[in-house]
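See structure below.
The values are calculated or read from the model by the stated rules, or taken from the named source; none is laboratory data. Here the structure is a predicted model, which is why all the values come from computation and not from measurement. Neighbour counts are summed over all protein chains in view; Cβ atoms, including those assigned to glycine, are modelled from backbone coordinates with ideal geometry. Side chains are part of the model used for accessible areas, which takes the heavy atoms of the whole protein and leaves out ligands, DNA and RNA. Shrake-Rupley method; radii C 1.70, N 1.55, O 1.52, S 1.80 Å.
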Amino acid sequence: MDWYLTLALLLGLMALLMIIGTPVAVAFLIVDVIGAVLFLGGEMGIVQLILNIRESLTTFSLLPVPLFVLMGEVMFHSKLGFKAIDATDQWIGKIPGRLSLLAIIGGALFSTMSGSTLATTSILGSLLVPDMEKRGYHKSMSLGPIMGSGGLSMLIPPSALAILLAALNQISVGGLLIAGILPGLLMAFFYGSYVVIRCRLQPHLAPPYQQNPVPIPARIKASIIHVFPIGFIIFLVIGLIFLGVATPSEAAALGSMGTILLAMVYGQMNITVMKACIMGTLKITSMMFMIITGSMIFSQILAFSGASAGIIEMVIGFDLPPFMVLISMQIVLLFLGCFMDNLSMVMIAIPIFLPVVEALHFNTLWFALIMLINMEMANTTPPFGLLLFVMKAVAPKNTTMMDVYKAGIPFLMCDATVMILVMVFPQIALYLPGLM
């Protein structure tokens, strides 16, 4: 069978199964079984499929995933970050869009302890949107900043998806985690700048309000009690990886233990909370690992059938500049992000894109970071971005889906700006990993 017919068969079957509502992991399994029978030798292909499943799940680089997910679950169920946000709020002066800026700072703070964009958006939305609504904030200044900053969990470590992406691209897990720091902070800076500039031009979007003054000694005390301990957890994860003291797996274990101990110190940890954290971690990790397994085997089938080699020859045959090929890949991912969740779209795209990236001699770490930004954008890309639906669920009852779409678009533009900057200036992503 010609390679393009093989590719059309496998991708077409995958698309059909997903359109009729088959879970991504199950769709991958069905396609993999059919591909194994057709291209890996019938019954022997099924045996090889089982061996490949075992091999894909016994990769040491995947060990941090459940530990980082556990950190996020403890953060979510114990509500550790609420006091930290209150302490941070005391330091923000009379700046236009004060609560919107607080949402962005809170999102960056939560991102350093939770690899879950959904959890971060849910927490910030439940905590801040009612107060914003009460103070007369326009929906573009209440919903948008929370969705934007919630997506920072995709870039700022610990990010479970960054670990998966590193494992699939066979690159340094620690390198990709550290590579997300500067782009993530740059994204938060653009969010904040947009909020301040727009609120200065249109003050009615975020009406100013009088905040009760808090003495500086009280602010310092609140920061020491509620912010500094979280800073120590951040150091356990990011700092130890950057300094080369701990591997990502060791840092994830230390971070998880530190988060649990911190919740116990604050009196927020009990049997009920711990059970909820463990169950949530098991559900999320199982889903991720099933999809990872399916994607890895799908990649092997494409390679064995000749489809990967055919794609490489076709792309090189177009005689396009490599940078144009890179842009085309990102456009494809942006389009997929309109209709699929970020994990699914990347798992389908990686087996096709990775051989092309290697053939064009792109830096794989740099390309993976660009894909990570694209995944972050997919969370708020209409009509089916996951964060859009999370935001709708926690927003006031008078909020329409169109309100959510409109609120997210300016922050998508900020994301796109950062992605373009990283593409043009690779050192934004590669500088910190180069220091490791």
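Structural remarks
- Being open to solvent by less than 50 Å² (accessible area, probe 1.4 Å), modelled with pLDDT of 85 or more and either basic (Lys, Arg) or within 29 Å of the chain's Cα centre (by Cα) (or both) holds for only one residue in Leu240, Leu262, Leu236, and it is Leu262.
- Any helices (runs of 4 or more DSSP H) falling wholly within the range 30-133 and containing at least 3 residues that are within 25 Å of the chain's Cα centre (by Cα) and at pLDDT 80 or above: 64-78, 98-111
- Residue match in the range 379-401 (condition: farther than 20 Å from Ile104 by Cβ, among the aromatic types (Phe, Trp, Tyr) and modelled with pLDDT of 80 or more): no
- Selected residue [under 18 Å from Ile238 (Cα atoms), touching a helix residue (DSSP H, G or I) at 6+ places or on another chain (Cβ under 8 Å) and open to solvent by 10 Å² or more (accessible area, probe 1.4 Å)] from Leu164, Leu128, Leu182: Leu182
- Subset of the range 185-198 (residues that are open to solvent by less than 30 Å² (accessible area, probe 1.4 Å) and of a type outside the set (Val, Ile, Thr)): Met187, Ala188, Tyr191, Gly192
- Filter pass, Lys79 being touching a helix residue (DSSP H, G or I) at 6+ places or on another chain (Cβ under 7 Å) and surrounded by fewer than 23 Cβ atoms within 10 Å (Cβ to Cβ): no
- Candidates in the range 14-38 are the residues that are hydrophobic (A, V, I, L, M, F, W, C) and within 15 Å of Ile352 (Cβ to Cβ); of these, the one that is surrounded by the most Cβ atoms within 10 Å (Cβ to Cβ) is Phe28.
- Residue satisfying condition, being among the small types (Gly, Ala, Ser), modelled with pLDDT under 85 and either at positive phi or under 22 Å from the mean Cα position of the chain (by Cα) (or both), within set Ala246, Ala166: Ala166
- Residue match in the range 364-373 (condition: open to solvent by 10 Å² or more (accessible area, probe 1.4 Å) and on the phi > 0 side of the Ramachandran plot): no
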